[in-house]
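A.B. asks: Before I ask anything, let me first share the structure, which is written out below as structure tokens.
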Amino acid sequence: MFTNIDHMAICVKDLNNSIYKYETELQLNCTYREIVEEQGVEVAFFETANVNIELIQPLSPNSPVYKYIEKKGEGLHHIAFRVENIDEAITDLKKRQFHLLQDTPRKGSHGSKIFFIHPKQFGMLIEIVEKGEL
């Protein structure tokens with residue numbers, strides 16, 4: 001079902017500062033930036049040969065990412081696995097009694113469709129992604 005790891009997501013308080021650090025200290029290039037209103041976040045992506053890095057900054061205190069940072073601090077938030085067909089993935093995972101955070105896909109960055117597996121299932125949040133078209 002999973003074709004590969006799509007990205008690793010890291011929560012940050014200051015996206016501009018974090019982009020600067022990743023570019024200057026890790027010598028990675030920020031290749032994409034987007035506000036995802038539906039999730040209340042702004043994201044920045046760094047493409048690497050095998051796995052992309054996503055930095056996530058909450059846009060308001062109402063964002064679940066803001067609450068996550070307040071509780072656990074900045075750092076690794078989730079790992080995202082890519083699938084070819086997100087509706088089939090949801091159906092399959094429901095049949096296998098996975099604890100999903102939503103029953104239908106939501107809009108993600110890059111025009112993708114996403115949903116999440118509850119962090120209690122694997123000890124951390126897992127995102128499932130079907131790549132979209134921009």
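A.B. asks: Take the stretch 3-35 and flag every residue that is open to solvent by less than 70 Å² (accessible area, probe 1.4 Å) and without any contact (Cβ under 8 Å) to a residue 12 or more places away in the chain.
C.D. replies: THR24
A.B. asks: For the stretch 38-87, give me every one of the strands (runs of 3 or more DSSP E) that falls completely inside it and has 1 or more residues that are within 18 Å of HIS118 (Cα to Cα). Steps first, please.
C.D. replies: Numbers: elements: 41-46, 52-58, 75-83.
Fully inside the stretch 38-87 and qualifying: 75-83.
A.B. asks: Please determine, by comparing only the residues of the stretch 116-131 that are under 17 Å from ILE10 (Cα atoms) and out of contact with any His (no Cβ under 9 Å at 6 or more places or on another chain), which one is least open to solvent (accessible area, probe 1.4 Å).
C.D. replies: Restricting to residues being under 17 Å from ILE10 (Cα atoms) and out of contact with any His (no Cβ under 9 Å at 6 or more places or on another chain), the top hit is ILE128.
A.B. asks: Within the bounds of the stretch 9-32, is there any residue that is in contact with a Ser or Thr (Cβ under 9 Å, 6 or more places away or on another chain) and farther than 14 Å from HIS78 by Cβ?
C.D. replies: Checking the stretch 9-32: at least one residue is in contact with a Ser or Thr (Cβ under 9 Å, 6 or more places away or on another chain) and farther than 14 Å from HIS78 by Cβ.
A.B. asks: Can you run down the residue pairs with Cβ atoms below 9 Å, 6 or more apart or on separate chains, where the first is in the stretch 36-49 and among the acidic types (Asp, Glu) and the partner is in a helix (DSSP H, G or I) and open to solvent by less than 60 Å² (accessible area, probe 1.4 Å)?
C.D. replies: Correct list of pairs: GLU42/LEU15.
The values are calculated or read from the model by the stated rules, or taken from the named source; none is laboratory data. Small disclaimer: the values here were computed from a predicted structure and weren't measured. Every residue, glycine among them, receives a Cβ derived from its backbone with ideal geometry; neighbour counts consider all protein chains shown. With ligands, DNA and RNA removed, areas are computed over all heavy atoms of the protein, side chains included. Shrake-Rupley method; radii C 1.70, N 1.55, O 1.52, S 1.80 Å.
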